[in-house]
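The values are calculated or read from the model by the stated rules, or taken from the named source; none is laboratory data. Note that this is a predicted model, so its numbers are computed, not measured. Don't worry about glycine lacking a Cβ; one is built from the backbone with ideal geometry, like all the others, and counts go over all protein chains shown.
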């Protein structure tokens, strides 16, 4: 009788542990990311495809108008905020905000903070615009980000309709020619600089603008 009771207790504990483990595996964290640069269904497809590299991802939904990207992922192998942001970057976009709701009730948040460049007192700020080839919002994000990475460029805004990039820059630190060359290296032809064919061909299909 004594041994029977012990066996029953052990069986109950094993069953409880198995149930708890199964329940833990079925629990899923919820992820909400606001993505900058989504411009067309192909962009959304590219983002979704990149995240499907994470085995176990489910309930993927992308709202094109708002750029809100949501999905769920197993709580027993959680993704970090940095993993999510890096995956968005590798897909060719920028995560403006990331919110993760864990199954234990905790919430993790991250928001992109864009720091304005400080204009020095001796800077000679000029404003100019020039042609940059491109098609979509993803192109816009790539073009503007490339320009803003350059030392001396304070503002950059690309118009999808006119294909013109307006920049504000310090002529003591950079030139229009230098900005155009940097953008060409990112895959976009300008009035005076042409992207290498290899770089151009590696752009996402929706970004493959007509070349003259």
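In segment 72-95, is there at least one residue being touching a residue at least 60 places away in the same chain (Cβ under 8 Å) and in contact with a strand residue (DSSP E or B) (Cβ under 6 Å, 6 or more places away or on another chain)? Within segment 72-95, one or more residues are touching a residue at least 60 places away in the same chain (Cβ under 8 Å) and in contact with a strand residue (DSSP E or B) (Cβ under 6 Å, 6 or more places away or on another chain). Out of the residues in segment 29-48 that are crowded, with 19+ Cβ neighbours inside 10 Å and more than 15 Å from residue 87 (Cα to Cα), which is nearest to the chain's Cα centre (by Cα)? Once the filter is applied, the top-ranked residue is 39.
Hey, among the residues in segment 99-109 that are out of contact with any helix residue (DSSP H, G or I) (no Cβ under 9 Å at 6 or more places or on another chain) and not in a strand (DSSP E or B), which one's farthest from residue 137 (Cα to Cα)? Here the residue is 104. It is to be established whether one or more residues within segment 81-98 are exposed (fewer than 15 other Cβ atoms within 10 Å of the Cβ), out of contact with any helix residue (DSSP H, G or I) (no Cβ under 6 Å at 6 or more places or on another chain) and in a loop (DSSP other than H, G, I, E, B). So far as segment 81-98 goes, no, none of its residues is exposed (fewer than 15 other Cβ atoms within 10 Å of the Cβ), out of contact with any helix residue (DSSP H, G or I) (no Cβ under 6 Å at 6 or more places or on another chain) and in a loop (DSSP other than H, G, I, E, B). Scanning segment 49-61 for residues that are modelled with pLDDT of 95 or more and either part of a helix (DSSP H, G or I) or crowded, with 17+ Cβ neighbours inside 10 Å (or both) returns 51, 57. Taking segment 157-205 as the range and being under 12 Å from residue 143 (Cβ atoms) and in a strand (DSSP E or B) as the test, the residues that pass are 157, 158, 164, 165, 166, 167, 190. Applying the criterion of being part of a strand (DSSP E or B) and in contact (Cβ under 8 Å) with a residue 24 or more places away in the chain to the residues of segment 62-71, the residue that is surrounded by the most Cβ atoms within 10 Å (Cβ to Cβ) is 69.
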